[in-house]
Amino acid sequence: MSTPIAYQKCIVCGATFDIHAVLASCERCGNLLDVAYDWSRAALPAKIADCGRADATVDGGLCRVSGVWRFGALAPFAPVECRATIGEGHTQLRPAPRVAEYVGLKKIYLQYEGLNPSGSFKDNGMAGAFTHAAMTGATTVACASTGNTSASMAAFAAAVGGKTRAIIFIGDGKIAYGKLSQALDYGATTLLIKGDFDDAMARVREVCAAQKIYLVNSVNPFRLEGQKTIMYRVLEGLNWQIPDWVVCPGGNLGNSSAFGKAFSELYELGLIKKMPRLAVINSTGAPTLTNLVNERGLRWNDGKVDDAIIERYYGELDAKNERAHTVASAIEINRPVNLKKCLRALARTGGVARAVSDQQIMDAKAWAGREGLGCEPASAASVAGAKMLVEQGVIDRDATVACVLTGHQLKDPHATVAYQSYDEEKLRESYGDYGITTNRFGNKPVAVANDLGQIIDAIRQRGLV
Ligand SMILES: *Cc1c(COP(=O)(O)O)cnc(C)c1O
Ligand SMILES: [Zn+2]
């Protein structure tokens with residue numbers, strides 16, 4: 001029997017599994033799985049600039065609808081008729097001169113994933129996961145979520161799943177309103193678990209294993225196949241030049257893992273000659289990756305990750321009952337499920353990890369906003385992280401840097417309005433426990449009488465006429 005073109009493979013022990021198997025981890029050693037390919041049997045583009053130009057006659061025009069499936073040649077795990085899409089991935093890379101000045105770079109690019117149908121990059125991944133779900137005949141899907149995974153899953157279940165039923169596990173009180181509203185609107189069964197994201201994640205894994213429900217969290221390797229395309233679009237936006245750095249927020253570390261896989265594959269296939277370096281940015285309120293890498297020396301080490309370091313760290317968190325706590329709710333995660341894959345990505349790209357404060361995140365977010373690119377707090381960790389790395393001399397002032405803005409501003413308008421408009425006393429009252437005490441880049445609305453003269457005065461005082 002010939003080897004299949006696509007299969008699943010454990011990142012640590014190398015065990016392989018059928019592409020149709022529904023697994024949340026390696027059956028032999030419990031580690032994460034990759035989608036792996038026999039590239040010699042794939043129909044690959046001849047050069048990088050041909051990527052993303054899938055032949056519309058092959059897949060019935062789907063590649064025009066989907067910014068994921070137009071790169072389908074680089075994720076050849078599914079028959080074309082199984083490919084799921086809600087029109088994801090029509091996102092853009094934008095130069096951001098004001099942000100560049102703030103960060104201390106000559107130029108910077110922002111990859112705006114808020115443009116996805118459900119408002120976050122998660123749609124790229126769900127295109128992959130729902131495609132695999134269709135291949136396996138799954139009819140019920142579930143996820144734990146800080147909000148965006150659930151919004152995306154619920155949208156896909158409603159739009160492409162037909163009779164697919166969706167179950168969401170959310171930490172009670174731990175979700176931004178924009179995201180909760182989406183889950184409810186799209187008709188998903190939404191369970192508010194007493195606990196936080198890490199609790200919800202542990203429970204959903206147990207429930208999915210016990211009830212044979214299809215899990216779409218980023219432990220699902222097919223999610224990451226979809227998210228690879230974010231990097232293809234960054235390269236495309238740079239006219240297929242390779243940036244020096246890609247900076248992204250780190251929560252469950254699926255995105256950083258997917259980016260590392262995307263670049264590793266392109267490199268191995270000879271489609272790119274140089275690897276960008278990856279910078280993964282935590283909030284100081286959820287700094288697991290940064291602490292493990294920078295303080296405890298945890299490394300990929302060719303797959304021989306020192307599990308004892310990780311267990312000791314989690315043991316210490318439990319002993320202190322320390323919970324993730326950050327205004328950047330999408331990265332409010334202390335036990336990132338893709339930790340080892342992210343370590344691999346850092347090793348392969350010469351990457352770094354950093355943690356930025358919630359104050360730095362909200363300041364950076366205000367600058368992204370001034371570019372007309374509204375993002376939610378977690379997304380701005382990438383901009384704040386780029387600034388930190390420039391200040392530390394890690395990123396060169398002349399470097400080409402792409403920051404991923406992972407989610408749309410309207411996901412969490414509360415945080416934005418508070419930062420932009422509150423006086424500092426009120427800001428400290430409501431966001432002080434996140435360490436947010438000033439809003440020097442705020443843009444307060446101006447209260448003015450319903451009076452023509454006073455309105456013109458107010459405009460004139462601001463030098464607008
Ligand atoms: C999910 C999410 C993240 C974190 O991504 P990971 O892949 O879990 O590291 C960051 N920002 C936003 C807006 C998200 O929705
Ligand atoms: Zn294994």
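Straightening the chain between Ile459 and Arg94 buys 128.3 nm, computed as 0.36 nm per residue apart minus the Cα-Cα spacing. At the residue level, Arg203 shows approximately 100 square angstrom of accessible surface with a 1.4 angstrom probe and all protein chains present. Across all directions, the shadow cast by the convex hull of the chain built on its C-alpha atoms averages 24.0 square nanometres.
Here the chain is assigned +1 on the Cβ of each Lys and Arg and -1 on the Cβ of each Asp and Glu. Its dipole about the Cα centre then comes out at about 720 debye. Every helix of 4 or more DSSP H residues in the chain counts as -39500 (n - 2.57), and over all residues that averages to -11500 deg cm²/dmol at 222 nm. Of the residues Met275, Met362, the one with the largest accessible area comes first in the ranking Met275, Met362, computed with a 1.4 Å probe on protein heavy atoms.
Axis of helix 148-159 versus longest Cα principal axis of the chain: the two differ by about 60°, to the nearest ten degrees. For Lys274, Lys212, the ranking by accessible surface with the largest value first comes to Lys212, Lys274, using a 1.4 Å probe. Can you give the angle from 0 to 90° between the axis of helix 221-237 and the longest principal axis of the chain, with both taken from C-alpha atoms, to the nearest 10? In the chain, helix 221-237 runs at an angle near 60 degrees to the longest axis. Listed by chain and number, the aspartates and glutamates placed with their C-alpha closer than 16 angstrom to that of Lys444 are Asp363, Asp423, Glu424, Glu425; residues fewer than eight positions away on the same chain are left out. Among the trypsin sites (Lys or Arg not before Pro) within the stretch 1-45, those in coil by DSSP and having at most 15 neighbouring Cβ atoms inside 10 Å are Arg28. Relative contact order for the chain: 16 percent, from Cα pairs under 8 Å spaced at least 6 residues apart, divided by residue count.
Set against the 2.2 N^0.38 Å expectation for a compact globular protein, the stretch 306-465 has a Cα radius of gyration ratio of 1.31.
Computed from Cα atoms, the angle from the helix 339-349 axis to the main principal axis of the chain rounds to 90 degrees.
The values are calculated or read from the model by the stated rules, or taken from the named source; none is laboratory data. Small disclaimer: the values here were computed from a predicted structure and weren't measured. FYI the Cβ positions are ideal-geometry reconstructions off the backbone, even for glycines, and counts take in every protein chain you see. Note: areas computed on protein heavy atoms with side chains; ligands, DNA, RNA excluded. Shrake-Rupley method; radii C 1.70, N 1.55, O 1.52, S 1.80 Å.
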